[in-house]
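Visitor: Handing you a structure now.
Rule-based calculations on the coordinates, nothing more; no lab input. Here the structure is a predicted model, which is why all the values come from computation and not from measurement. Please note: Cβ atoms are built from the backbone with ideal geometry, for glycine as well, and neighbour counts cover all protein chains shown.
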Amino acid sequence: MAIKITSTVSLDESELIFTFIRAAGPGGQNVNKVATAVQLRFNLLASPSLPPELRIRLSTLLASRLTRDGTLIIKANRFRTQERNKQDALLRLTETLQKAAIPIKKRKKTRPTYAAKQKRLEKKKLHGKTKALRGKRMADE
C-alpha cells in the first residue's frame with residue numbers, strides 16, 4: 001500500500017519498519033504485558049520514493065531528529081492499542097513529510113514608499129523634540 005504525501009510523491013509502506021515496544025506510564029497490569037507503543041523507522045536518505053530535492057530539504061529540517069545513518073524515528077504511545085498507535089505514527093510521518101514538501105517562498109526585495117519614508121522622518125523629528133525638552137533646565141531656577 002502506498003502512502004500519499006503530495007500529488008506526485010507517495011511512499012511505499014515496505015520502506016517503513018514498525019517495532020512494537022512496551023509503553024511507559026499508567027495502565028495497570030496491561031502495561032507490563034502488552035507492547036502497545038509503536039516505534040516507526042523510516043530511512044530518509046535511502047528512500048527511493050522521495051525526490052532528491054525533497055530528501056535534502058527533509059534532512060536539513062529534521063537534522064536533530066535523524067540518526068547518523070539518516071533514519072527518522074517516530075515513537076507513538078498516545079493510545080492503548082497497537083493499531084491506533086500505528087495509525088498515529090503514520091499520520092505524524094505523513095504530516096512531517098507534507099510540511100517539508102511545501103517549497104519555501106523566496107523573499108522579494110521591496111523598497112519603502114515615499115509616504116513611509118516621510119512618516120519615519122516625522123516620527124524621528126518628534127522623538128528628537130521630546131528628548132531635547134527633557135535635558136534643558138531654565139536659567140532662573
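Visitor: Quick one: in region 72-84, of everything that is of a type in the set (S, T, N, Q) and free of Cβ contacts under 8 Å to residues at least 60 places away in the same chain, which residue is surrounded by the most Cβ atoms within 10 Å (Cβ to Cβ)?
Guide: Initial filter on region 72-84 (of a type in the set (S, T, N, Q)): 77, 81-82.
Checking the rest, the ones that are also free of Cβ contacts under 8 Å to residues at least 60 places away in the same chain come to 77, 81.
On the way: Asn77: 18, Thr81: 10.
Ranking the candidates gives Asn77 first.
Visitor: Right, something else. Which members of region 46-61 meet the condition of being more than 17 Å from Thr6 (Cβ to Cβ) and either surrounded by 15 or more Cβ atoms within 10 Å (Cβ to Cβ) or charged (D, E, K, R) (or both)?
Guide: Ser59
Visitor: Within the group Asp69, Asp88, which residue is charged (D, E, K, R) and surrounded by 11 or more Cβ atoms within 10 Å (Cβ to Cβ)?
Guide: Asp88
Visitor: Name every residue in region 95-115 that is among the hydrophobic types (A, V, I, L, M, F, W, C) and either under 28 Å from the mean Cα position of the chain (by Cα) or surrounded by 10 or more Cβ atoms within 10 Å (Cβ to Cβ) (or both), in order of residue number.
Guide: Leu97, Ala100, Ala101, Ile102, Ile104
Visitor: Only one of these conditions is not met by Lys105: (1) more than 30 Å from Ile21 (Cα to Cα); (2) touching a residue at least 24 places away in the same chain (Cβ under 8 Å). Which number is it?
Guide: So Lys105 meets the others, but not (2).
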